[in-house]
Amino acid sequence: MPADAPTISAAVSLARPGDLVLVAPGVYHETVRVDTERVTLRGLSRDKVVIDGRLRQPNGVVVSAPGVAVENLTVRNNTQNGVLVTGSAKAAAGLPGQSGGYDTGSEPVAFLKSFLVSHVTATRNGLYGIYAFSAQNGVIEHSYASGGADSGIYVGQCKPCNIVVRDNVAELNAVGYEGTNASEDMYVVGNRFAGNRVGLTTDSDHQEKLLPQKGSVIAGNLIAANQRTDTPEQADGGWGIGIGVDGGSDNRFVRNRVTGHRNAGLMITATADLPPVGNQIVDNTFTGNAVDVGWTFPTATRGRGNCLRGNELRTTVPARLATTAACPLQGGQSSPAGTWTAPKAPGGIPFTEVAAAPAQPQFPAAATAGATAVPSVPELPKTEDIRLPAASLLAANALVRTS
């Protein structure tokens, strides 16, 4: 199409399970809803097939059927999300919850089973660039997210997730990646989270179901220089932080390179009444951060059993944390707490003014490859095979330079 249909939506409506909808270059002003299973939506050119919401529609692409692949296109200028993959009828209908897309009603969680988002550019969207919510068994890969007024890539409300977020670039967002109530077999590996206000968070939030967050693996990522001011300002004011753990538990942070943050490389704290418990920080490299690793519990809720082993680091708050909280620890052992004065977060810019996305690598053989078969459950990475990334990881695909 458009030779076969006047709009992307019209073409998708004609598709049957297993079909490929191949989109010709052009700028399309529509929300594309894919509610037929095992459809592949693919652009012929990642940079020239553009779904532009013109700030008049909440979402660019909405996937509400299993086995769907979204590939090789750009989504921009939507008031909420670039690409939304969800089993929530409310979210699919564009009805925001208490915090712009959260689903906190009394009905049970309905999961979308299996998805793929690959070689997608999501830029200048008012909430999230690529958003998987109430979804399981999926992969977000080889994509680029910028100008997300909340976060570039977001995974929320899944347990077990069976989701892999890999080989993506997220820059110039309020937060690069956010995993909220995303638990068990949740892998974030080999990504570049640089030049946001906050690089990555994994957290528990009462505004979503499936509390608390636990059991993610964050490995082999470059998390660098996340204190840009030419980014959308987030409501809670986070800035200058590489990794934030807010009430998340049993997460493993392994062989990440965390560098150049004016507040903290990695910060652990509690969410209201939800303590962070049993997080492991292992074999990471921390350089050039005001504080490499800091644990702070300003309320009565205290963390337990959080530990470090084998990291390259210089400063911790409280001091000597690598010794006093060395792995392994018993889960019931109270985490020491420290305090420090973080720099005040500067103002940001509207998401509509974030720098234009650079050209990105194309999906291989976009014109000739057949429909993509999305596995019912993705192959999950082996953490022991993931290496410490170079400081130049995916730099060719990024605007932000970190050195």
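Quick notes
- Tally of residues being part of a loop (DSSP other than H, G, I, E, B), buried (at least 23 other Cβ atoms within 10 Å of the Cβ) and not small (Gly, Ala, Ser) across the range 29-79: 3
- Checked against (1) more than 24 Å from residue 150 (Cα to Cα); (2) out of contact with any helix residue (DSSP H, G or I) (no Cβ under 8 Å at 6 or more places or on another chain), residue 308 passes all but a single condition, namely (2).
- The listed residue being touching a residue at least 60 places away in the same chain (Cβ under 8 Å), surrounded by 13 or more Cβ atoms within 10 Å (Cβ to Cβ) and within 28 Å of residue 149 (Cβ to Cβ), out of 290, 357: 357
- Condition check for residue 190: surrounded by fewer than 24 Cβ atoms within 10 Å (Cβ to Cβ), of a type in the set (Gly, Ala, Ser) and touching a Pro at 6+ places or on another chain (Cβ under 9 Å): yes
- Test: residue in the range 209-218 that is in contact with a Phe, Trp or Tyr (Cβ under 8 Å, 6 or more places away or on another chain), farther than 20 Å from residue 291 by Cβ and in a strand (DSSP E or B): yes
- Candidates 56, 42, 38 - the one that is under 20 Å from residue 124 (Cα atoms) and either modelled with pLDDT of 95 or more or of a type outside the set (A, V, I, L, M, F, W, C) (or both): 56
- Only residues that are among the hydroxyl-bearing types (Ser, Thr, Tyr), closer than 30 Å to residue 54 by Cα and assigned to a loop (DSSP other than H, G, I, E, B) were counted across the range 327-377, and they come to 1.
- Residue 194 within 24 Å of residue 342 (Cα to Cα), touching a helix residue (DSSP H, G or I) at 6+ places or on another chain (Cβ under 9 Å) and at pLDDT 95 or above: yes
- One residue alone among 165, 139, 155 is closer than 15 Å to residue 378 by Cα and free of Cβ contacts under 8 Å to residues at least 40 places away in the same chain, and that residue is 165.
- In the set (1) in a strand (DSSP E or B); (2) under 22 Å from the mean Cα position of the chain (by Cα); (3) crowded, with 23+ Cβ neighbours inside 10 Å, the condition left unmet by residue 308 is number (2).
The values are calculated or read from the model by the stated rules, or taken from the named source; none is laboratory data. Nothing here was measured: the structure is a model prediction, and the numbers come from that model. Note that we place each Cβ from the backbone using ideal geometry, even for glycine, and neighbour counts take in every protein chain shown.
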